[in-house]
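S.K.: Encoded as structure tokens, here's the structure I'll be asking about.
The values are calculated or read from the model by the stated rules, or taken from the named source; none is laboratory data. Please read all numbers here as calculations on a predicted model, not as lab measurements. All Cβ positions, glycine included, derive from the backbone under ideal geometry; neighbour counts span all protein chains shown. Just the protein is used for accessible areas: all its heavy atoms, side chains included, with ligands, DNA and RNA removed. Shrake-Rupley method; radii C 1.70, N 1.55, O 1.52, S 1.80 Å.
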Amino acid sequence: MKFLVTGAAGFIGSSVVSRLCVLGHQVVGVDNLNSYYDVALKEARLNRIQDRNFKLVQLDIANRDSVANLFETEQFEQVIHLAAQAGVRYSIENPYAYADSNLVGHLNILEGCRNNKVKHLVYASSSSVYGLNAKTPFATLDSVDHPVSLYAATKKSNELMAHSYSHLYDIPTTGLRFFTVYGSWGRPDMAPFIFTKKILDGDIIDINNNGDMWRDFTHIDDIVEGVIRISDVVPQRDNDWKVEGGSPAGSSAPYAIYNIGHGSPIKLMDFVKAIEDELGIKAKKNFRDMQPGDVYQTYADTRDLFEATGYLPKVTVKEGVKEFVEWYKKFYKK
């Protein structure tokens with residue numbers, strides 16, 4: 001099968017590309033290789049994908065004409081859309097980057113799918129859409145109308161945009177709400193990466209909300225497994241679905257939303273201790289208040305995804321932290 005994977009130089013995207021190639025699929029990857037974080041890391045991710053079935057096209061998904069030409073030329077069967085401007089805090093500093101990539105870019109991908117009869121669009125949403133929700137675990141039955149960051153608002157918007165295209169044009173779309181992904185080749189702006197680097201360098205790490213936070217840390221291997229499995233589960237129309245009683249994660253249109261996470265949140269301080277134990281170094285800590293855009297807890301209810309795919313995360317935090325730290329020390333020669 002021929003896939004388009006956007007964000008192919010990204011943390012999740014590069015791992016998904018690698019897995020698709022191993023499975024024998026033809027993959028075209030798209031990435032603009034922007035400088036939001038170290039471009040050398042993005043290039044290194046791409047360099048490890050040595051497969052004749054993979055081709056990289058460097059373009060910005062916010063460029064309407066370039067995306068339209070790509071779809072028309074390549075005639076993809078499936079699309080896994082992972083490109084986005086990431087980061088909760090950066091959305092406070094540079095909101096327009098999120099409008100360009102996450103809104104305009106997402107629309108351009110939807111248009112490409114509409115005009116070229118793509119069989120299934122799988123796209124990245126985020127656990128951040130749950131915003132002010134206090135009920136846990138977060139379930140796709142819950143309301144997600146109160147985001148606390150622009151990043152989260154753009155991801156909620158992506159889900160709404162996808163639904164309208166599924167309804168209007170019969171395009172099967174599946175949104176995946178990712179929960180705190182970590183592991184080798186991860187992003188430098190995420191907590192596991194920041195903590196590991198600063199502990200090794202002898203710098204102070206900032207601990208938000210004085211350490212009283214919980215995250216549903218999910219290893220990259222488990223995430224990739226879920227993404228690949230759900231790509232084979234194409235949503236169908238459900239003529240019995242009604243707004244008044246139906247799940248907001250379903251529709252009369254060929255549309256679906258799933259949580260993809262570990263389903264067992266870890267206290268932040270326990271995660272820090274796992275890194276300390278693996279490094280053999282005690283971290284210097286600065287405890288501070290909750291930061292703007294942050295949430296107290298993330299916790300995924302993944303029962304729907306399990307029912308659809310048999311998805312069951314396998315990597316424990318101890319195993320995952322060990323894998324990440326070993327990769328970090330090798331990659332950065334620490």
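S.K.: Semi-axes of the chain's equivalent ellipsoid from the Cα gyration tensor, sqrt of 5 times each eigenvalue, largest first, rounded to whole Å?
M.R.: Largest first, the chain gives 31, 24, 18 Å.
S.K.: Also: Springs between alpha-carbon pairs under 10 angstrom, Gaussian network model over the chain: which of ALA191, ALA97, ALA40 fluctuates most?
M.R.: ALA40
S.K.: Related question: Return the loop-located chymotrypsin sites (Phe, Trp or Tyr not before Pro) in region 289-323 (DSSP other than H, G, I, E, B) with at most 14 other Cβ atoms within 10 Å of their own Cβ; answer none if there are none.
M.R.: Sites meeting the loop and neighbour criteria: TYR296.
S.K.: Would you please put 151-161, 192-202 in order of how densely packed they are, using the mean number of other Cβ atoms within 10 angstrom per residue and starting with the highest?
M.R.: 151-161, 192-202
S.K.: Order ASP240, ASP65, most accessible first, counting only protein heavy atoms with a 1.4 angstrom probe.
M.R.: ASP240, ASP65
S.K.: Take the alpha carbon atoms of region 1-137, find their radius of gyration, then divide it by 2.2 N^0.38 Å using N residues; give the quotient.
M.R.: This ratio for region 1-137 stands at 1.07.
S.K.: Please calculate the 1.4 Å probe accessible area of GLU319, with all protein chains present, and give it to the nearest 10 Å².
M.R.: Around 100 Å² of this residue is reachable by solvent.
S.K.: If the cut-off is a Cα-Cα distance under 16 Å, which aspartates and glutamates reach LYS284, setting aside same-chain residues fewer than 8 apart in sequence?
M.R.: Partners found: ASP201, ASP203, ASP206, ASP270, GLU276.
S.K.: Placing +1 at every Lys and Arg Cβ and -1 at every Asp and Glu Cβ, with all other atoms neutral, what dipole size does the chain have around its Cα centre, in debye to the nearest 20?
M.R.: Once rounded to the nearest 20, the dipole reads 760 debye.
S.K.: For a quick check, take a GNM of the chain with Cα springs below 10 Å and name the residue from GLY320, GLY280, GLY186 with the largest mean-square fluctuation.
M.R.: GLY280
S.K.: Using a simple spin-label model with points 7 Å from Cα along the Cα→Cβ vector, what separation in nm is obtained for ALA40 and ASP145?
M.R.: The answer from the label model is 4.9 nm.
S.K.: Okay, moving on. Please give the length that would be gained between PHE331 and LYS314 if that part of the chain were fully extended, namely 0.36 nm times their separation in residues minus their C-alpha to C-alpha distance (nm, one decimal).
M.R.: The PHE331-LYS314 span can extend by a further 3.7 nm.
S.K.: Same structure, new question: Just check region 2-78 against the gyration tensor rule for me: Cα atoms, a ≥ b ≥ c as the square roots of the eigenvalues, rounded for a/c under 1.5, and otherwise prolate or oblate depending on whether a/b exceeds b/c.
M.R.: The shape class here is oblate.
S.K.: When ligands, DNA and RNA are left out and all protein chains stay put, how many square angstrom of accessible area per residue does the chain have with a 1.4 Å probe?
M.R.: 45 Å²
S.K.: Over region 58-108, what percent of the accessible surface lies on carbon and sulfur atoms, probe 1.4 Å?
M.R.: That share works out to 47 percent.
S.K.: Pop out the carbon and sulfur fraction of the accessible area of region 148-236 as a percent, whole number, probe 1.4 Å.
M.R.: Answer for region 148-236 is 54 percent, counting heavy atoms of protein chains only.
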